[in-house]
Amino acid sequence: MAAAMGAWSARHRKTAVFGWLLFVVLAAVLGGMHGSTKVARDESVPGEVSRAARILDEAGLKSPAGETVLVQSPELSADAPAFRAAVAQVIAAVEGTGKAASVRSPYDSKAISADGHGVLVQLTLKGDGDDAVANVPAVMDAVAGVQKQHPELTVVELGEASSGKWIQDQFADDFSRAEWTAVPLALGILLVAFGALVAAVLPVVLALTAFVAAGGLVALGSGLLHTSDDASSVMLLVGLAVGVDYCLFYLRREREERAAGRDLAGALAVAAATSGRAVLVSGVTVVVAMAGMFLTGIADFRAMAFGTIVVVVTAVLGSLTVLPALLSMLGDRVAKGRVPLLGKPRRPDAATTGGRFWNAVLTPVLRRPLAATLLAGAFLLGLAAPLLTMHTANLTFQQQLPRGNALVTASQKIEAAFPGSPAPATVVIKATDITSPAMTAAIADLKARALASGRMHGPVDVTVHREQNVATVDIPLDGSGNDATSNAALRALREDLVPATVLKVPGTEAPVTGQTAGSHDFNAKMTGALPAVFGFVVAFAFLLMLTSFRSLAVAATAVVLNLLSVGAAYGVLTLVFQHGVGASLLGTAGVGAVESWVPLFLFVILFGLSMDYHVFVVSRIKEGRDRGLSTRAAIAHGIRSTAGVVTSAAVIMVAVFAVFGTLSMQAMKQMGVGLAVAVLIDATVIRAVLLPAVMTLLGERNWYLPRWLHRLPDLSHGEPFPPVATAPHAPAPRRHRVEV
């Protein structure tokens, strides 16, 4: 299929190029006109949190964005006239903005700290979602104005809208920074790899056009599969990495064949039949791996999976169609624009000798494969060891944002004065008659028991919506929000207090939601989904390798090596972000947990991306074996001939992923660092040491396929290569010795 697509594109160059451009423009324009449908709140969370969101939505109740303003004095008590005057000034300033729907005095709500030196002014903003985020800056400015007038007091604000505003702005800034940093980085690395401007620009341009087209397609499909902001970041991350890598594989093989003496048509045919096939198999593997995320049943994961699948399929399509057409048009002009110092022509035998560095690595590995296997395996298992202590959680607001951030400081001050207040648990009660004496008594009993439990604190806020027969009870929990203390308080609320009070009234439903509940339910859902996702991805990757190479050993080796690289990445992630080892180098600190969705996301992404290198390298090894080389000679030839391109591809991926490791949001940092570490390990320890060592130990058993499996579809090599026909302008092949 890959060979046929490449041949058609080379013959119909204009059709392929202009067809691609038309496709990109149409997808982008139609997607922009259609717009994106984002994941709704009740879709993004599982369990009781989803039920609570559904009750509020069905009742037509949009949860107002709540904000709290802490007024605190180290000396004055809350009853002091000067203190009361400052509180009144805060209330007047907030009401004066016209953006607040309601403002509650702390003296009415009894929101006074235990030491009597701090109070909470509670307010809700007009509008919901985006409207509340748009309204909050005026309120924040008003509060900041009061703080300036009273430097002797602490006057700080925190809430859903203020934190949402910061995250929204920071997300946009980070995304823009990642985009403008990753692209020049990839271009610079390609300039070093090729030494020529045209050859370096081609992969970046194709990757970016694939990303643009995929963005339009995702927007068009978002009516059926809703998308999210996280999905857009992941699309850029993966789309740029795989798009550049696929083009790099293809272009390098075409240049290598030209240097070996083939004419342009022959070089393109070989590149299509070899690298094109590797790109196709790699793309299918990534798609299959990402499809495993649909098994989680979580809308955000479905959005990420959908976006990534679309961008990978688009990148594969571009690499197999428009790239051969462009190379056919350009011919040897693809090497134009040589950069001084970088533009030194490669030796004709460089592709097969692998260079001094990789020769120095590979020679002892092939000489002592057992020792290399044991050492590399022990090293990877050592890196993976911290995985045994991994703790996952939905990171709290304080954990997600950088230390020293004004909102984090405000949150810490509010948390110290009013434990649990910034993120209370909310009991959403739906009853037959919410104002009946029995329900009124049950809610009062719930409030009293919560305060008497020792795990929860005031102020407990009760809001009754009489017309909808719905009430909400906000109960602050002990703990940080996602630690053992908070989870124990949540468990007591769900399993003891709610069933013993409001659920005793017939016809009542009372799910518990909130930050702690969301983290708990998300973790429970993820834990339940992990075996299914892992099993699905591993099984399909094994089957794909089995049918692609028709070898049990190759398929099993691919799965085991990929699991080792993923395990090592998990270990490093746990060591850095949970235990804080070396975290300061990344501008962060150990936060005590790994973001809940990161391990599963890393698994499916890494399992797919690792196949890029594995398929590319093993394809070259099998190609040598099919041409009559012994297995040991084929391994040496395959590793040496792919060393340069695998190094360049890995450096690009690591650089792109590392950019995300510099962003502000903790989850993005963890994702970027995990991917960068895994790809680095995969391209060095796995592909340069462990793979050749294990394959050398297996010898001819690498190609064993039981007779009963011969019925499998044959997706292996077998395309006849056109003969070498040296073109008049092509350099003649130089004779050289290859030590194996």
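The values are calculated or read from the model by the stated rules, or taken from the named source; none is laboratory data. If you're wondering where the values come from, they're calculated on a predicted model, not measured in any experiment. Because the Cβ atoms are built from the backbone with ideal geometry, glycine has one as well, and the counts that use them run over all protein chains shown.
Summary table
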quantity	calculated
The range 516-541 residues that are of a type in the set (Asp, Glu), paired with ones that are assigned to a helix (DSSP H, G or I) (beta carbon under 6 Å, 6 or more apart)	ASP521/GLY47; ASP521/VAL49
Any chance GLY195 is among the small types (Gly, Ala, Ser) and surrounded by fewer than 18 Cβ atoms within 10 Å (Cβ to Cβ)	no
Unique residue being among the β-branched types (Val, Ile, Thr), surrounded by fewer than 24 Cβ atoms within 10 Å (Cβ to Cβ) and either under 30 Å from GLY638 (Cα atoms) or under 32 Å from the mean Cα position of the chain (by Cα) (or both) when the list is VAL242, VAL238, VAL284, VAL218	VAL284
Filter result for the condition that a residue is over 29 Å from the mean Cα position of the chain (by Cα) and either surrounded by 15 or more Cβ atoms within 10 Å (Cβ to Cβ) or modelled with pLDDT of 90 or more (or both), over ALA82, ALA65, ALA53	ALA82
Test: ASP169 is within 20 Å of the chain's Cα centre (by Cα), buried (at least 18 other Cβ atoms within 10 Å of the Cβ), at negative phi and modelled with pLDDT under 80	no
Conditions (1) under 25 Å from ASN562 (Cα atoms); (2) of a type outside the set (A, V, I, L, M); (3) surrounded by 24 or more Cβ atoms within 10 Å (Cβ to Cβ): number failed by ARG302	(3)
Residue match in the range 53-74 (condition: among the aliphatic types (A, V, I, L, M), touching a helix residue (DSSP H, G or I) at 6+ places or on another chain (Cβ under 8 Å), part of a helix (DSSP H, G or I) and not assigned by TED's automatic domain parsing to the domain that holds ASN135)	yes
Residue within the range 534-553 that is surrounded by 23 or more Cβ atoms within 10 Å (Cβ to Cβ), closer than 19 Å to LEU690 by Cβ and touching a strand residue (DSSP E or B) at 6+ places or on another chain (Cβ under 9 Å) present	no
1 or more residues within 30 Å of LEU663 (Cβ to Cβ): qualifying helices (runs of 4 or more DSSP H) within the range 81-169	130-149
Single residue of ALA186, ALA231, ALA214 found to be modelled with pLDDT of 80 or more, assigned to a helix (DSSP H, G or I) and not charged (D, E, K, R)	ALA214
Selection count, the range 548-582, where residues are closer than 18 Å to LEU380 by Cα and assigned to a loop (DSSP other than H, G, I, E, B)	1
Those residues of the range 481-501 which are in contact with an Asp or Glu (Cβ under 8 Å, 6 or more places away or on another chain) and buried (at least 20 other Cβ atoms within 10 Å of the Cβ), in sequence order	SER486, ALA489, THR501
Search result, residues across the range 583-619 that are within 20 Å of GLN398 (Cα to Cα), at pLDDT 80 or above and either outside the structural domain of HIS637 (by TED's automatic domain parsing) or assigned to a helix (DSSP H, G or I) (or both)	VAL598
Single match in ALA28, ALA4 (criterion: exposed (fewer than 14 other Cβ atoms within 10 Å of the Cβ), in a helix (DSSP H, G or I) and of a type outside the set (Asp, Glu))	ALA4
Residue in the range 374-393 that is over 20 Å from ALA111 (Cβ atoms) and assigned to a loop (DSSP other than H, G, I, E, B) present	yes
Restricting the range 263-281 to residues that are under 15 Å from PHE249 (Cβ atoms) and small (Gly, Ala, Ser), the residue that is farthest from the chain's Cα centre (by Cα)	ALA267
Identity of the residue in the range 655-685, within 22 Å of ARG252 (Cβ to Cβ), of a type in the set (A, V, I, L, M, F, W, C) and crowded, with 24+ Cβ neighbours inside 10 Å, that ends up modelled with the highest pLDDT	VAL679
Meets criteria (in contact (Cβ under 8 Å) with a residue 60 or more places away in the chain and touching a Pro at 6+ places or on another chain (Cβ under 8 Å)) for PRO459	yes
Test set (1) among the acidic types (Asp, Glu); (2) within 25 Å of the chain's Cα centre (by Cα); (3) surrounded by fewer than 18 Cβ atoms within 10 Å (Cβ to Cβ) - GLU160 fails condition number	(3)
From the options VAL659, VAL679, VAL673, residue that is within 24 Å of LEU280 (Cβ to Cβ), in contact (Cβ under 8 Å) with a residue 40 or more places away in the chain and within 28 Å of the chain's Cα centre (by Cα)	VAL679
